[in-house]
Amino acid sequence: MTSGDPQGKRALFETPVSAPPDVISAGPTEDGRQALFSAAKRRPGTVVVDCSGCGVRTRRSLADVGVRLAMFSVWLPGRTYSRWMRCPECRSRSWCRIGWLD
């Protein structure tokens, strides 16, 4: 075996010269108390679906929620979980709350 053989044992443990360097950019960070009590910013065109069955809150697009509501859903006003629909996470029909302004 030659020392320049890329199929040899050394090829497993050495980084090729043509490999790009790892670039990790630092995003905005919130430290300490700010990170503990802050919420994620609202993204336009999305709503939060809160399922009473599995207890998971997920952010979904308006189109996805519109399709779920149009397929078969029931709305009972005055309840906390007012929509009987298919949950995006657990995929079962349960009472959900849609946070239009969350």
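Every number here is computed from the coordinates shown, using simple stated rules; none is lab data. Quantities reported herein were computed from a predicted structural model and do not represent experimental measurements.
Calculate one ³J(HN,Hα) per residue across the stretch 66-80 by plugging θ = phi - 60° into the Karplus curve 6.51 cos²θ - 1.76 cosθ + 1.60, and present them in order as whole Hz with x for glycine and proline.
Whole-Hz 3J(HN,Hα) from phi for the stretch 66-80: x, 5, 5, 6, 6, 5, 6, 8, 10, 10, 10, x, x, 9, 5.
In terms of modelled amide H atoms, which long-range or inter-chain residues lie less than 5 Å from the amide H of residue 102?
48
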